[in-house]
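Scroll down for the structure; my scribbles are underneath it.
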Amino acid sequence: MKNLNPALISYIFPLIAVLIVSVGYNKASSTNHLCKHQYALCTSALCIPQPDDPTKAICFCDVEEGASMATIPCESIKPSTDTNGIRTVYSTFSLKQFTSGKKGMKCPEGTPWTWCLNKRCTVDPSDSKKAICICDVVRTDEWMTLGGNCNTSTCKTGYWSGAALKDFDDGVIFLSKVLGMDQTPVKWCQTSP
């Protein structure tokens, strides 16, 4: 750095900082991966803020098996069981709850929701079809969830697991393509055209 032009340094460092901030936030820029193993499905999960950490929430998700989407390599999120019998799975995205009749509900920017994609989860030892995941609390972007039973008043209070609309659209397009679907099973609540 001793031989660098000070004018060049004053120009480059702010540019690098802006680049880091803008790339760091863009969740949709990740590469999508089709995984085929057991996973936690949190698309309709009700979550509660975690005591002592308002940036995290505890979410109650379903455990499913089969094809799903992650934004990190599938190899890094394989399910496992430790020496004490505690089963770990990871939250990924699938269209499964749409195929069983759930509808997407859109919620406005500024309301609390949780981002669970790629999060580590513990399978409930008393119910192997349920998992508990620690997810990030978000209050930005217009977002969607399969929780709330189309009651948009719950957008303000529910802490539903959700996704920014762009991220959701990217995931649906990716899964539809890799699974060879002519049409997606996505349906929206009437209050959310």
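The values are calculated or read from the model by the stated rules, or taken from the named source; none is laboratory data. This structure is a prediction, so every number in the text was calculated from the model and none was measured. All Cβ positions, glycine included, derive from the backbone under ideal geometry; neighbour counts span all protein chains shown. With ligands, DNA and RNA removed, areas are computed over all heavy atoms of the protein, side chains included. Shrake-Rupley method; radii C 1.70, N 1.55, O 1.52, S 1.80 Å.
When Tyr90 is tested against (1) outside any strand (DSSP E or B); (2) buried (at least 19 other Cβ atoms within 10 Å of the Cβ); (3) at pLDDT 95 or above, just one condition goes unmet, and that condition is (1).
For residues that are touching a helix residue (DSSP H, G or I) at 6+ places or on another chain (Cβ under 8 Å) and polar (S, T, N, Q), scanning just segment 106-144, find the one that is nearest to Val63 (Cα to Cα). Among those residues, the one meeting the criterion is Asn118.
Taking the criterion of being at pLDDT 50 or above, within 19 Å of Val137 (Cα to Cα) and loosely packed, with under 10 Cβ neighbours inside 10 Å, the residues of segment 9-52 that qualify are Pro51, Asp52.
The set of residues in segment 93-136 that are over 18 Å from Ala70 (Cα atoms) and under 11 Å from the mean Cα position of the chain (by Cα) contains only Trp113. Contact annotation: residue pairs with Cβ atoms under 9 Å, 6 or more positions apart or on different chains, pairing a residue in segment 91-114 that is in contact (Cβ under 8 Å) with a residue 12 or more places away in the chain with a partner that is open to solvent by 70 Å² or more (accessible area, probe 1.4 Å) and assigned to a strand (DSSP E or B), are Ser91/Arg120; Lys103/Trp188; Gly104/Trp188; Met105/Trp188; Lys106/Trp188. Where strands (runs of 3 or more DSSP E) sit wholly within segment 100-193, those with at least 2 residues that are open to solvent by 70 Å² or more (accessible area, probe 1.4 Å) and of a type in the set (Val, Ile, Thr) occupy 130-138. Selection of segment 31-69 for residues being farther than 20 Å from Pro112 by Cβ, of a type outside the set (S, T, N, Q) and out of contact with any strand residue (DSSP E or B) (no Cβ under 7 Å at 6 or more places or on another chain) yields only His37.
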